[in-house]
Amino acid sequence: MDKKVKKTGKFRRFALRLLGPSVSKMLIYRLLRKKINKAPALLPGGLSRCSDILFILPADRVEMIYQLENLFCILGRYRDSNLTFVCPTASVPFVSGLKGVRMVKFDPDEFKLFSAEFNSVTQALATKSFDICVMLEKKHTLAHLYIAGMSHAHIRVGWDADPVSSFPFLNIRLFSTQREGVTLWERNLEVAKILDADADSKVRWGVPKSTAEEVAQLLGEHKLKRDPALICVDAASLEDAHGKEWCAELMKNLKGAIPGQFYVFGGIDGEKNVKTDAPFPVLPPTSIPKTAALMACTDLVITGAGPLLGLAQISGSRIAAAVTKEQAEAYCKKNERIVPVTVSGKPGGTESAAMIRAAKEMIAHCKRGSSQPS
């Protein structure tokens, strides 16, 4: 039976490829025409009757990190609602700690129209009707739009994407355009604002007590304490952007310039992990929840434009970041907890010195605080 379904799915996908994206979208819409809620999305009045919400999460882990603040704001606004997450495997750790939610997991590599993975997701949602569908996947395909269409939701919000417009599957569409002086954090929060969530709330990522205890034990095993200041060096992102030689020189200069206990972040499970002869203890790769707990007890993070830049900001750490001007504008929040050091081309001694000055500035103002629940 599975082989028959697989062959049928391949044939249907082949036929849709021949027809092109526009005609394929029209055919998918005809399949769902009885399920897609065609009533206008009435705001804010339509939000008063929202008890069931469907979230379609992004497959890219870095994109998911920069959606966290937006997601937490929405969850805070609808904390009494029934929540369902259509969740790619890489995004599961971000929401696995939430209580009372329904999780529909899938492998994004196999998530294609009429594939076995797609059929599994649609079957899991077939008997459910939602009030709101939130499409956080910006690089959505017709398979993602199919899920939004079959949700029955009267409010279906998300980003439009090329080459196929998301209308009528999404009836509130945002267009992701770069605007000067507006960070990716702020652009993503537009969804929270549309859904009447408080986008100005100071959201922090809380971690379970058991996870915090595991991280405390990990630090103890490497003879690291929270006093004096605990300083993380994200060698992987710095080496990726600026080279091993520059990163090694930076760590050598940091050791004598700034008081505190340094450690090298070993990476997030599944990402590229650091392999370096560092003058500091190198922590092993950790899961997303453990990384959040680690950031919550770290006074200063020295990093580049990688996953840790986003996680450290949502965890409330102080940060010195070696980034390009474009990366600083997109990824760095405008607050006193982060100092972006602009680098251009291949960095040299001047930029290394600027990083050390930024780290000194941050460590001088470090004030420890506990992680706040989201």
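The values are calculated or read from the model by the stated rules, or taken from the named source; none is laboratory data. Everything numeric here is computed off the predicted structure, so don't read it as measured data. Cβ: placed from backbone, ideal geometry, glycine included. Neighbour counts: every protein chain shown.
Tabulated data for the structure shown
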read-out	value
Segment 199-225, subset under 30 Å from Ala148 (Cα atoms) and surrounded by 13 or more Cβ atoms within 10 Å (Cβ to Cβ), residue modelled with the highest pLDDT	Ala199
Top-ranked residue of segment 206-233 - restricted to ones that are in a loop (DSSP other than H, G, I, E, B) and of a type in the set (D, E, K, R), ranked as nearest to the chain's Cα centre (by Cα)	Arg226
Per-region count, segment 44-71, residues at pLDDT 90 or above, over 24 Å from Glu271 (Cα atoms) and surrounded by fewer than 21 Cβ atoms within 10 Å (Cβ to Cβ)	1
Index of the failed condition, Ser129 passing every other in (1) surrounded by fewer than 15 Cβ atoms within 10 Å (Cβ to Cβ); (2) over 30 Å from Gly270 (Cβ atoms); (3) modelled with pLDDT under 90	(3)
Matching residues in segment 326-344 - criterion: being within 18 Å of Arg357 (Cα to Cα) and of a type in the set (Lys, Arg)	Arg337
Qualifying residue in segment 254-263 (condition: closer than 22 Å to Pro93 by Cβ and among the hydrophobic types (A, V, I, L, M, F, W, C))	no
Residue in segment 118-141 that is at negative phi, touching a helix residue (DSSP H, G or I) at 6+ places or on another chain (Cβ under 6 Å) and without any contact (Cβ under 8 Å) to a residue 60 or more places away in the chain present	no
Single residue of segment 142-170 satisfying the filter (out of contact with any helix residue (DSSP H, G or I) (no Cβ under 7 Å at 6 or more places or on another chain) and modelled with pLDDT under 90) that is surrounded by the most Cβ atoms within 10 Å (Cβ to Cβ)	Ala161
Contacts under 9 angstrom Cβ, first residue in segment 261-276 being part of a loop (DSSP other than H, G, I, E, B), partner at pLDDT below 80, 6 or more apart	Phe265/Val274; Gly266/Asn273; Gly266/Val274; Gly267/Asn273; Gly267/Val274
All positions within segment 130-153 that are part of a helix (DSSP H, G or I) and under 14 Å from Lys38 (Cα atoms)	Ala148, Gly149
Filtered residues of segment 277-309 (kept if in a loop (DSSP other than H, G, I, E, B) and over 16 Å from the mean Cα position of the chain (by Cα))	Asp277, Ala278, Pro279, Phe280, Pro281, Leu283, Pro284, Pro285, Cys297, Thr298, Asp299, Gly304
Some residue of segment 22-34 being surrounded by 11 or more Cβ atoms within 10 Å (Cβ to Cβ), within 19 Å of Ala126 (Cα to Cα), of a type in the set (Val, Ile, Thr) and at pLDDT below 60	no
Residue within segment 184-205 that is polar (S, T, N, Q) and either in the same structural domain as Lys334 (by TED's automatic domain parsing) or assigned to a strand (DSSP E or B) (or both) present	no
Members of segment 72-113 that are surrounded by fewer than 18 Cβ atoms within 10 Å (Cβ to Cβ), aliphatic (A, V, I, L, M) and outside any loop (DSSP other than H, G, I, E, B)	Val92, Met103
Flag for Ser115 being within 29 Å of Arg77 (Cα to Cα), out of contact with any Asp or Glu (no Cβ under 8 Å at 6 or more places or on another chain) and at pLDDT below 95	no
